[in-house]
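A.B. asks: Before I ask anything, let me first share the structure, which is written out below as structure tokens.
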Amino acid sequence: MRMDVPSNAPEHCPGTQSESAGKVSACQGCPNQSVCASGQAQHPDPDIEIIKKTLASIKHKILILSGKGGVGKSALTGMLAFGLAADPQRNYVDENLAVISVGFLLGSPDDAVIWRGPKKNGMIKQFLRDVDWGDTEYLLIDTPPGTSDEHLSIVQYLLPAGLDGAIIITTPQEVALLDVRKEINFCHKVNLPILGVVENMSTFVCPKCHKGSEIFPAFTGGAEKMTQEMGIPFLGRIPLDPIIGKMCDEGRSFLIQHPDSLASKAALSIIEKIQNACNPGKVMGESG
Amino acid sequence: MLEGVKHVIVILSGKGGVGKSTISCQLALCLKAQGFKVGILDVDLCGPSIPYLLGLEGQSIHQCSQGWVPVYPNEDQNLAVMSIGFLLQSRDDPVVWRGPKKNAMIKQFLADVFWGDLDYLLIDTPPGTSDEHITVMENIRQVHCDGAILVTTPQAVAVGDVRREATFCKKAGIPILGVIENMSGFTCPHCKECTNIFSMDGGKQLAKIAQVPFLGSVPINPEISGKEGGSIGFVDAFQSSSLFPIIHSISCKLTQSAPSKSDTV
């Protein structure tokens, strides 16, 4: 996968870092041709160095990905954040947690961000370059579904600064796995390590009769079988608990409010696995 | 562009995984059952779901002198489908494209597919308000679009995203035909208790806030997530499921309210 093809480049762009940049027939008419031909483009983006410095105080950087939308990327990102912030003292969660989102920059709930790729990339770069995180243990980066501008930009800017890897979220049904396999292959293409896959909304337990039902049935074996087939780690499954959605809507932490629920226990075990994956030397016998 | 197409409807949602593609397929099947000729154009390039949902994976696109021939699931050719899924070598291949390449592909889908005569073309979109959406809106403005259907799930986090999509429609000058609330409630198969897993009434509230019609609520039905061995069962399972009459009433609302393109031009 070429990371050095500008968004306004023609289809057969050889890549700005290539020897033939600006010199092949596909470069005719490309707005970047003269820059490429002069050799200036072969210098790496200076912002990547700045991002590297800015993020040097952050120990672990994790991307939360899924090819599919609505599988719980943001909900789980929030849950992981609360869980990681609580550890090890299980205290002072709110002071341990810092958040940046374009949502804070919008004036009203109806404001739409109607941007094409380049503008989104600029915003992402600004988030990475200009936010002062201070000393931070974990930076979780929540992403939209897909394999497009946001994902390419994040990986392009962050791989040089050091990324621990990606956590991939899915739901059990094939129509989600179909998109998630694409996301996993995207990670392989851009050399992004995968920390593991979490299956969300696995089983729904009826609050009245306490029997389980599969809302999104895993007719093709669900996430666990997929991870076996693709040779990547499976981190666990989180049941579908309607209270999670309710807590999200109210902006409260499900983990703190409902620590004894099955979903909280599952999430805590997943958080532990993620911590182990990020600190491979610290825990013995947990890897592989 | 889209010369033989009478009605164009765009299926939108700011939120992913709310059932845009499922609702698109179900609406298409209902419109077909009403006797219309229907097309589905899937412009979700990174996550095309339509071929899987209609059991059409592995089919490919052919070229004729008038352009690309869409895929027809039935011999009667009353349902035509176009998706990037038909152009991928493997179902696991990612489409790692930035905006301009996606835009070029969508323009080609809109300009070069030989749909023939269609009563309805449903355009299924990815979540968001970015390249794909801007490109679709810019291009279909020339052909008269009936409007957009907003799909949401009931919880606030989805409704919040779909409100932004409504703003997008207003800015793009595309009328909103209405809101469909999907995954409204789940009836426990063991005790018949109905739980509102993803909260309730978010779609109605959204319709009220955006001052657009509320088209209906569609409950969760795990049967239609696809049967073992693929999704071939989707079409049959849907026709005989409890969802069919619900979607049918929504599609009737659409066909009654929509003036034909030939009437207005």
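A.B. asks: Exactly one of (1) touching a residue at least 24 places away in the same chain (Cβ under 8 Å); (2) over 17 Å from B:GLY16 (Cβ atoms); (3) in a loop (DSSP other than H, G, I, E, B) is unmet by B:PRO154. Its number?
C.D. replies: (2)
A.B. asks: Being in a helix (DSSP H, G or I) and buried (at least 19 other Cβ atoms within 10 Å of the Cβ) narrows it down to one residue among A:MET226, A:MET201; which is it?
C.D. replies: A:MET226
A.B. asks: Sticking with this one: List, please: which pairs have Cβ atoms under 7 Å, are six or more places apart or on different chains, and start with a residue in the range B:65-78 that is within 11 Å of B:GLY116 (Cβ to Cβ) and end with one that is assigned to a loop (DSSP other than H, G, I, E, B)?
C.D. replies: B:GLN66/B:PHE114; B:GLY67/B:PHE114; B:VAL69/B:ILE61; B:VAL69/B:PHE114; B:PRO70/B:TRP115; B:ASN78/B:LYS37
A.B. asks: Which residue pairs have Cβ atoms closer than 6 Å, lie 6 or more positions apart in sequence or on different chains, and pair a first residue in the range B:88-107 that is within 13 Å of A:VAL180 (Cα to Cα) with a second residue that is of a type in the set (S, T, N, Q)?
C.D. replies: B:ASP92/A:ASN185; B:PRO94/A:THR147; B:PRO94/A:ASN185
A.B. asks: Of the numbered conditions (1) under 25 Å from B:GLN205 (Cβ atoms); (2) among the β-branched types (Val, Ile, Thr); (3) within 13 Å of another protein chain (Cβ to nearest Cβ); (4) in contact with a strand residue (DSSP E or B) (Cβ under 8 Å, 6 or more places away or on another chain), B:VAL136 fails exactly one; give the number of that condition.
C.D. replies: (1)
A.B. asks: Still on this structure: All but one of (1) buried (at least 19 other Cβ atoms within 10 Å of the Cβ); (2) away from every other protein chain (no Cβ under 13 Å) hold for A:GLU150, so report the exception by its number.
C.D. replies: Every condition holds for A:GLU150 apart from (2).
A.B. asks: Of the conditions (1) over 21 Å from the mean Cα position of the chain (by Cα); (2) part of a loop (DSSP other than H, G, I, E, B); (3) crowded, with 17+ Cβ neighbours inside 10 Å, B:LYS192 satisfies every one except a single condition; which number is it?
C.D. replies: Every listed condition holds for B:LYS192 apart from (3).
A.B. asks: For the range A:31-72, give me the residue count where each residue is among the β-branched types (Val, Ile, Thr), more than 14 Å from chain B (Cβ to nearest Cβ) and assigned to a strand (DSSP E or B).
C.D. replies: So the count comes out to 2.
A.B. asks: I need a count of the residues in the range A:11-29 that are surrounded by fewer than 19 Cβ atoms within 10 Å (Cβ to Cβ) and within 12 Å of chain B (Cβ to nearest Cβ).
C.D. replies: 2
A.B. asks: Say whether the condition of being surrounded by fewer than 20 Cβ atoms within 10 Å (Cβ to Cβ) and touching a Cys at 6+ places or on another chain (Cβ under 7 Å) is met by at least one residue in the range A:212-219.
C.D. replies: The answer is yes; a qualifying residue exists.
A.B. asks: While we're looking at this one, here's another question. List the pairs whose first member sits in the range B:15-43 and is among the acidic types (Asp, Glu), whose second member is part of a loop (DSSP other than H, G, I, E, B), and whose Cβ atoms are under 7 Å apart, counting only residues at least 6 apart or on separate chains?
C.D. replies: The qualifying pairs are B:ASP42/B:PRO48.
A.B. asks: I'd like the residue in the range A:127-170 that is hydroxyl-bearing (Ser, Thr, Tyr) and in a strand (DSSP E or B) and, out of all such residues, is farthest from the chain's Cα centre (by Cα).
C.D. replies: Across the range A:127-170, the extreme among qualifying residues is A:THR136.
A.B. asks: Okay, moving on. When only residues in the range B:77-131 that are on the phi < 0 side of the Ramachandran plot and among the small types (Gly, Ala, Ser) count, which is farthest from the other protein chains (Cβ to nearest Cβ)? Show your work before the answer.
C.D. replies: Looking only at the range B:77-131, we keep the residues that are on the phi < 0 side of the Ramachandran plot, and these are B:78-115, B:117-127, B:129-131.
Add one more test, that the residue is among the small types (Gly, Ala, Ser), and what stays is B:80, B:83, B:85, B:90, B:99, B:104, B:111, B:130.
On the way: B:ALA80: 21, B:SER83: 12, B:GLY85: 9, B:SER90: 9, B:GLY99: 3, B:ALA104: 8, B:ALA111: 17, B:SER130: 6 Å.
It comes out as B:ALA80.
A.B. asks: Determine whether B:ILE50 is within 14 Å of chain A (Cβ to nearest Cβ) and surrounded by 23 or more Cβ atoms within 10 Å (Cβ to Cβ). Full working, then the answer.
C.D. replies: On the way: within 14 Å of chain A (Cβ to nearest Cβ): yes; surrounded by 23 or more Cβ atoms within 10 Å (Cβ to Cβ): yes.
In short, yes.
A.B. asks: A further question on this structure: Within the range A:244-263, which residues are over 24 Å from the mean Cα position of the chain (by Cα) and either outside any helix (DSSP H, G or I) or within 11 Å of chain B (Cβ to nearest Cβ) (or both)?
C.D. replies: Of everything in the range A:244-263, those that are over 24 Å from the mean Cα position of the chain (by Cα) and either outside any helix (DSSP H, G or I) or within 11 Å of chain B (Cβ to nearest Cβ) (or both) turn out to be A:HIS258, A:PRO259, A:ASP260, A:SER261.
A.B. asks: A further question on this structure: Working only within the range B:172-189, note down all residues that are aliphatic (A, V, I, L, M), on the phi < 0 side of the Ramachandran plot and touching a residue at least 60 places away in the same chain (Cβ under 8 Å).
C.D. replies: Those that are aliphatic (A, V, I, L, M), on the phi < 0 side of the Ramachandran plot and touching a residue at least 60 places away in the same chain (Cβ under 8 Å): B:ILE174, B:LEU177, B:ILE180.
Coordinate-derived values only; no laboratory data. Small disclaimer: the values here were computed from a predicted structure and weren't measured. Cβ atoms come from the backbone with ideal geometry, glycine included; neighbour counts cover every protein chain shown.
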